[in-house]
Every structure is written in C-alpha cells, then in structure tokens.
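Worksheet for the structure shown next.
The values are calculated or read from the model by the stated rules, or taken from the named source; none is laboratory data. Here the structure is a predicted model, which is why all the values come from computation and not from measurement. All Cβ positions, even for glycine, are placed from backbone atoms using ideal geometry, and neighbour counts span all protein chains on display.
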Amino acid sequence: MSAMLETPELPAVFDGVKLAAVAAVLYVIVRCLNLKSPTAPPELIYQDSALARFLLKSCPLLTKEYIPPLIWGKSGHIQTALYGKMGRVRSPHPYGLRKYLTMSDGATATFDLFDPQSEHCIGEDVTMVICPGIANHSEKQYIRTFVDYAQKNGYRCAVLNHLGALPNIELTSPRMFTYGCTWEFGAMVNYIKKTYPQTQLVVVGFSLGGNIVCKYLGESQANQERVLCCVSVCQGYSALRAQETFMQWDQCRRFYNFLMADNMKKIILSHR
C-alpha cells in the first residue's frame, strides 16, 4: 500500500502573512500621512470691519480650499522634518545691511535691513519690522524667503536677530534673548522710525516673535504710532499653560519639546 505524502499548504499561509504585513504598512502610511484627511477652506475668525473686508478682498486665497502637495503634504510632521533637514529648493538669499545697536545694559542688539526692490503698489513708503521665531534670525531660510517676497512687492524689511542666536555675534552682556523681553525689538523699531520719518510700519512676528510683537504693541500707546497693522504668524499664547502639553507624547509634542530644548542648550553653550 503506497502512502501518499501530503504537502502542507505553507505557501498559502505565507501569502496571507505577506498580505497582512503589506496591509499593516499601508495602514500606518495612510495614518502617518493623514491621507484620509479631507481638504477644506480655512476657518476664518474675524471681526466684521473695513480692514477685515479689505483683507478678504485683497487676499482671496484665504477663502479658497487648501490643496496640499501630493502624498506627504497633509502631514505637518513630515513637512517639518523635510524642511528642517533639506530646506527649500533654491532658497533666495537677499542681501541686507546689518545694524548694531548698543542697549542700556551693554548688550549689542543686531538687525538686518533690506531695501525694497520695486515700488510699492500704492506708492507709499512701508517698512515691515519682523521678529523671527524662537532662537531664529535673519539668516534662516523661512525668513529669507519671506523677506525676498516682501522686497519684490515694494516693502523695506527690518529683521531682528534674537540676542545670542547668531553664531558669529558674541554677547557683550551676561544675557541672551528671552520669551517676553521686547527691548531689542523696540530699539529696532525706534531706529526705523527715526531713520525713515515718513515710513509706515507693518509689524510681523513668527511663532515666539508673534508673542513679542503683540506684547510690544500693548506695552505703550506710543508703540502703536505709525503702525498700519500687526501680523502674528503661528503665535503661541501662553508658555506657562502649555507646559503640560509639551510633556505629552500625542502628536510628537514631547519630541518637539526635546528638540527645542536641545537647540536652546546649544545656543547657551556656544557663548561660554
């Protein structure tokens, strides 16, 4: 009697495992890239005023649906990582004049001044006074890109370099920038007002810079003179209330907190 050998159906099992692995990988990719997240026009919160209506009329992009870059465009984490490591492709490099201001405590504040490259659309002299984000300065790529675009549209730009942030500028007093000090920004604005008595100001702050410019404008009524408007981009509202949020793992917040703290540590140690 001949015995018939039955071969186990291992290939079918392996195929099932492979399909499950592929499905799991695809699921992770879809979740990480937020590919299922629908696109929609931004939600606008504003007071019905002449200025708001003018801005909406002048910037129709604000009411249009945002179409992100294909595949990775819906993930803020991946965009942040790519931009942080690779930067922009062919990033512009506007050339400005660096100004040095001596503060009352001996600190040396610096800012870069960029002249407009064309006439403003309304023929006025308008200067953007710009405060970058935490530990940033005029040489950062996002600042350079913004300044280049503003110059081409007829704006003079003055960009504050946070005290201690530039690697080639030594500290001349025992302090560096803080999260609420407006001294250096105020000194830059006063210089612009004195040097260009006819200019009007557009105040711009990115991230931490948004906190600083809003605080500066609220400190004194005189600080608001000749200011057309203030633009706060991605501003954080309360560092104290956000401390607990920084320690959460959700949305990689704790990881970002580590990166920011590590960057601050490097800046401090560079001035030993």
inquiry  = With the requirement that a residue be part of a loop (DSSP other than H, G, I, E, B), over 30 Å from V30 (Cα atoms) and of a type in the set (A, V, I, L, M, F, W, C), what does segment 42-61 give you?
reply    = I45, C59
ask   = On the given criteria, is N223 under 21 Å from Y155 (Cα atoms) and assigned by TED's automatic domain parsing to the domain that holds T110?
value = yes
ask   = Can A52 be described as closer than 28 Å to I130 by Cβ, at pLDDT below 90, of a type outside the set (S, T, N, Q) and over 22 Å from the mean Cα position of the chain (by Cα)?
value = yes
inquiry  = So in segment 62-106, with the set limited to residues that are in contact with a strand residue (DSSP E or B) (Cβ under 9 Å, 6 or more places away or on another chain) and either at pLDDT below 85 or outside any strand (DSSP E or B) (or both), which one is nearest to C181 (Cα to Cα)?
reply    = M103
note = Taking segment 167-186 and the residues there that are touching a strand residue (DSSP E or B) at 6+ places or on another chain (Cβ under 7 Å) and in a loop (DSSP other than H, G, I, E, B), the one that is surrounded by the fewest Cβ atoms within 10 Å (Cβ to Cβ) would be T172
request  = Could you check, for segment 238-261, whether at least one of its residues is touching a residue at least 24 places away in the same chain (Cβ under 8 Å), under 19 Å from C131 (Cβ atoms) and in a loop (DSSP other than H, G, I, E, B)?
outcome  = yes
key: Members of segment 207-231 that are under 13 Å from the mean Cα position of the chain (by Cα) and either buried (at least 19 other Cβ atoms within 10 Å of the Cβ) or not in a strand (DSSP E or B) (or both)   = S207, L208, G209, G210, N211
ask   = Only one residue in V189, V204, V159 is buried (at least 19 other Cβ atoms within 10 Å of the Cβ), part of a helix (DSSP H, G or I), among the β-branched types (V, I, T) and on the phi < 0 side of the Ramachandran plot. Which one?
value = V189
